[in-house]
Every structure is written in C-alpha cells, then in structure tokens.
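Student: What follows is a structure written as structure tokens; I'll ask about it next.
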Amino acid sequence: MPTIAQPNIGSLLATAVPTFSVEDAQAVARSVFELDAVVSELTGERDRNFHLRVSEAEHYVLKVSNPAEDPQVIDFQTKALLHIASVDASLPVPRVLRARDGETEWVLNRLGEEPRIVRVLTFLQGDPLHRMTPSVTLRRSIGGYLARLDLALSSFSHPAANHELMWDLKHASSIRDLLIHIPDAAQRGLAERFLDNFEMHVLPSMPRLRAQVIHNDMNPNNVLVSGDDPDRIAGIIDFGDMVHAPLVNDVAVAAAYQPTSLDHPLAGAADLIAAYNAVLPLEPGETDILFDLIATRMVLTVGISGWRATLYPDNRDYILRNSSRAWDGLQRFALLSRTEAQVYFHRACRGEN
C-alpha cells in the first residue's frame with residue numbers, strides 16, 4: 001500500500017528500528033559498561049533493546065537509540081529518570097547505569113551509519129499488566145502510582161521537554177490523514193467522530209490546563225505487576241514518550257487502557273481516575289474533558305498503529321498489540337453522551353460511584 005507524505009512530527013515513527021545484533025550488544029555491554037552478561041533481544045517500537053542478565057538478581061536493559069531520535073530528547077529521558085530517583089526514590093522506575101567513564105550515555109559510531117546513543121538502565125522484574133487478571137485494586141494501584149510519578153516530575157524541566165511527538169495528545173489532529181489506513185468505513189467514521197469531538201471540546205481549553213512533564217505512555221506493556229502480589233505495581237517502564245503536556249493527559253492515557261467491558265463502560269477508567277485524584281486532585285475543567293481525551297488516545301492507537309503496521313509488516317503483531325482493545329473502547333464509548341460521561345467521572349472523583 002503506498003504511504004502518504006507525513007509531517008516532520010512523524011519522522012521518528014517512520015524510521016526503522018536500528019540494526020544491532022545480540023553479539024554487538026554483548027560486546028558493548030562488556031567494553032563500555034563493564035557488564036559481563038547473557039544477552040537476549042527485547043521488542044521495541046523505535047529503539048533496539050536488549051535484556052542483559054548479569055546474575056540471578058542483576059538485570060539491565062541496553063537501549064540503542066533510533067537514528068532519527070534527537071540526542072537532546074534522549075538526554076531529556078535520562079535526566080528525568082535521574083530526577084525521579086532523587087525526588088521519590090521508592091518509585092519503581094528504571095535507574096540509570098553509568099558507563100566506565102562515568103557518563104550516562106555512549107555514542108556508537110560505525111562507518112556508513114548515523115551515530116546512535118547507547119544507554120543501560122536497570123531491568124525491573126515483574127509481570128506485564130496485560131498478562132494479569134484485571135481488578136479494582138490493581139486499577140487503583142496504577143492510579144496512585146501514576147499520581148506519585150506526576151508529583152515527582154512536577155519539579156522537573158528540560159530544554160527538550162517540548163519536543164514534538166505523534167503520541168502527544170496535543171497533536172492528535174495531525175494524525176487525521178493516517179485514518180485512511182483504517183480499511184473498515186464504519187470504524188474509520190467512528191475514529192473521525194471522536195477526533196472531531198477532541199477538536200471541538202478539548203483544543204480550545206488546552207491553554208488553560210495545568211501542564212508539566214508527563215510519562216505519557218502508561219499502557220499495559222509499560223506497567224509491571226509483582227509476581228508475589230498481583231495487586232502491587234512492581235515497575236513503570238519506557239519513558240520514551242515523555243513530553244511537556246497538560247497533566248490530565250497522563251491520566252487519560254492510562255485510563256484508555258482500562259477495561260470497558262464492565263457493568264459501565266467507564267467503570268474501569270473511573271477506578272484509576274478516582275485513585276489518582278485521591279493523591280493528586282484533578283481540577284473540575286480537567287475532569288470535564290477526560291472522556292474526550294481517553295477516546296482520543298484510543299483514536300491515536302488505532303490510527304498510528306494502523307499506519308505503522310503498513311510500513312513494517314514484519315513487526316505488525318507488536319505494533320497492533322493494543323488496537324483491538326482501543327476499538328472495543330471506542331465502540332462502547334459511542335453509546336454514551338459527553339454529559340453522562342462527565343457526570344460519571346465527577347462522581348468517581350467524589351467517591352460516589
């Protein structure tokens with residue numbers, strides 16, 4: 001299928017994951033980071049990632065950046081992790097391992113290739129959220145941890161924090177042309193309807209919203225659950241989509257991945273939102289647009305993933321891993337009015353649902 005020309009904001013997602021072998025990763029881990037490890041490859045959307053097993057208790061992730069990634073954006077991600085560790089050391093996020101020269105990043109230069117930045121982070125152990133049985137307690141745990149993470153990031157700033165990213169809800173309108181990759185006309189119309197709602201109800205309010213650096217990608221692959229306690233969060237990983245954006249966007253992104261097949265389509269999201277609100281209270285105007293933002297995140301999921309699956313069919317299963325859940329959510333959301341959703345979320349924040 002021919003692809004349409006995309007704006008610069010999509011250049012990173014249109015660039016293939018960099019070539020780098022397990023043997024390459026093992027050599028760099030040993031020579032640059034002084035880690036003698038058993039190495040295996042991990043899946044990734046933009047970077048090349050490897051699991052380093054040094055011992056039974058010592059695990060790391062070696063990340064080779066996409067050549068299209070701005071080095072300042074990578075520094076932004078690294079500095080954010082360092083900041084979180086200094087502000088709330090008990091938050092279960094990756095820690096940065098320094099190279100033998102004391103630096104947090106190492107530049108890989110190979111003949112005929114663009115320079116790429118290599119980093120090593122601690123590997124957090126746990127079961128990915130998507131493998132766990134959903135529960136009210138688990139959803140509330142996610143909401144509480146996300147609020148703590150946002151509180152830790154509230155005092156963090158970086159020159160690259162305002163970089164452009166397709167997964168940033170602020171720029172949701174930029175993916176409208178990508179909806180042509182949705183073959184089903186009814187589904188495409190549904191996505192367009194919620195994107196219209198976003199432009200009508202959310203965009204005008206954005207300048208008035210609280211904004212800060214946010215994680216921006218609390219999807220079920222990036223939340224780890226303790227193997228010993230299925231209600232305890234063991235890790236929040238993948239800070240590659242961090243941006244400076246409205247704070248409420250972080251809540252909406254996480255809520256977009258909660259089940260919509262419960263007694264009420266918003267019940268799963270409401271569990272998470274209420275727990276977040278108990279730690280970091282939402283403002284009334286933020287709660288008013290949560291329904292629109294959650295639906296828009298689902299539109300981003302089906303729109304961007306559908307487009308990227310046409311570009312990289314070999315990685316199609318990984319790219320489309322969240323699309324089915326997003327379509328189910330959009331179809332159930334279509335049965336609700338905005339007013340009904342607003343009332344439901346306000347009641348949840350007051351503990352009345």
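The values are calculated or read from the model by the stated rules, or taken from the named source; none is laboratory data. All figures in this text were calculated on a predicted structure; none of them were measured in a lab. We place every Cβ from the backbone using ideal geometry, glycine too, and count neighbours over all the protein chains shown. These accessible areas exclude ligands, DNA and RNA; they are computed on the full protein's heavy atoms, side chains included. Shrake-Rupley method; radii C 1.70, N 1.55, O 1.52, S 1.80 Å.
Student: Once fully extended, how much extra length lies between Thr310 and Ser155, figured as 0.36 nm per residue of separation less the alpha-carbon to alpha-carbon distance? Could you put the intermediate results ahead of the total?
Tutor: Values: separation 155, 0.36 × 155 = 55.80 nm, distance 3.97 nm.
Once the chain is fully extended between Thr310 and Ser155, it gains 51.8 nm.
Student: Return the carbon/sulfur percentage of the accessible area of the range 37-88, one whole number, probe 1.4 Å, all protein chains in place.
Tutor: Numbers: 1030 of 2060 Å².
Of the solvent-accessible surface of the range 37-88, carbon and sulfur hold 50 percent.
Student: Per-residue counts of other Cβ atoms within 10 Å, averaged by peptide: what ranking do you get for 59-66, 152-159, highest first?
Tutor: On the way: 59-66: 23.0, 152-159: 16.6.
By packing density, highest mean first, the sequence is 59-66, 152-159.
Student: On the first, second and third principal axes, largest extent first, how far apart are the outermost C-alpha atoms of the range 123-216 in Å?
Tutor: Projected onto its principal axes, the Cα set of the range 123-216 covers 41, 38, 25 Å.
Student: Give the residue from Leu82, Leu111, Asn221 lying farthest towards the positive end of the charge dipole for the chain; charges sit on Cβ (+1 for Lys and Arg, -1 for Asp and Glu) and the dipole is referred to the Cα centre.
Tutor: Final value for the positive-end residue is Asn221.
Student: Choose one of Val251, Gln125, Ala348: the residue whose Cα lies farthest towards the positive end of the charge dipole of the chain (beta-carbon charges +1 Lys, Arg; -1 Asp, Glu; about the Cα centre).
Tutor: Ala348
Student: Can you give me the angle between helix 338-349 and the longest principal axis of the chain, using Cα atoms only, in degrees from 0 to 90, rounded to the nearest 10?
Tutor: That helix lies at roughly 70 degrees to the long axis.
Student: Can you pull the percent of the range 93-169's accessible area that's carbon plus sulfur, 1.4 Å probe, other chains left in place?
Tutor: Numbers: 1910 of 3850 Å².
So the carbon and sulfur contribution to the accessible surface is 49 percent.
Student: In addition: What residues qualify as long-range amide H neighbours of Arg232, i.e. H under 5 Å apart, gap of 5 or more or another chain, H built at 1.01 Å from N?
Tutor: When sequence neighbours closer than 5 places are left aside, the close amide H contacts are Ser226.
Student: Let me ask you something else. Please compute one quarter of the surface area of the Cα convex hull for the chain and express it in square nanometres. Display every interim value, and only then the final one.
Tutor: Working: hull surface 70.5 nm².
Averaging across all directions leaves 17.6 nm² for the Cα convex hull.
Student: How would the range 265-353 be classified by its alpha-carbon gyration tensor: rounded, prolate or oblate, with rounded meaning a/c under 1.5 and the a/b versus b/c comparison settling the rest? Don't skip to the answer; put the middle values down first.
Tutor: Numbers: a/c = 2.81, a/b = 2.25, b/c = 1.25.
The shape class here is prolate.
Student: Let me ask you something else. Under the rule of at least 5 residues apart or a separate chain, name every residue whose amide H is placed under 5 Å from the amide H of Ala211.
Tutor: Leu247
Student: What number comes out for the charge environment of Asn277, summing +1 per Lys or Arg and -1 per Asp or Glu over other residues with Cβ under 14 Å away? Kindly include the intermediate steps, with their values, before the conclusion.
Tutor: Numbers: positive: Arg139, Arg140, Arg148, Arg210, Arg347, Arg350; negative: Asp150, Asp250, Asp271, Glu283, Glu286, Asp288, Glu352.
Overall, the nearby charge balance is -1.
Student: Per residue, how much accessible area does the range 276-327 have with a 1.4 Å probe, in Å²?
Tutor: Numbers: 1770 Å² over 52 residues.
Using a 1.4 Å probe on heavy atoms only, each residue of the range 276-327 averages 34 Å².
Student: Can you tell me, using C-alpha contacts under 8 Å and at least 6 residues apart, the relative contact order of the chain as a whole percent? Display every interim value, and only then the final one.
Tutor: On the way: 595 pairs, mean separation 59.4, N = 353.
For the chain, the relative contact order is 17 percent.
Student: Quick one: putting +1 on the C-beta of Lys and Arg, -1 on the C-beta of Asp and Glu, what dipole do you get for the chain around its Cα centre, in Debye to the nearest 20? Could the numbers behind the result be given before it?
Tutor: On the way: 32 positive and 45 negative charges, 80 e Å.
It comes to approximately 380 debye.
Student: Rounded, prolate or oblate: which fits the range 52-176 when a ≥ b ≥ c are the square roots of the eigenvalues of the alpha-carbon gyration tensor, with rounded for a/c under 1.5 and prolate only if a/b beats b/c? Please report the intermediate quantities before stating the final value.
Tutor: On the way: a/c = 1.61, a/b = 1.21, b/c = 1.33.
It comes out oblate by the Cα gyration axes.
Student: Remind me, relative contact order of the range 241-353 in percent, using alpha carbon pairs under 8 angstrom and six or more residues apart? Kindly include the intermediate steps, with their values, before the conclusion.
Tutor: Numbers: 108 pairs, mean separation 40.0, N = 113.
In percent, rounded to a whole number, it is 35.
Student: What is the local net charge at Ser135, summed over the other residues whose Cβ is closer than 10 Å to its Cβ (Lys, Arg +1; Asp, Glu -1)? Let's see the in-between values first.
Tutor: On the way: positive: Arg139, Arg140; negative: Asp231, Asp271.
So the environment of Ser135 carries a net charge of 0.
Student: Using a 7 Å offset from the Cα along the Cα-to-Cβ direction at both Val343 and Ser21, what is the distance between the two label points in nm, to one decimal?
Tutor: 6.4
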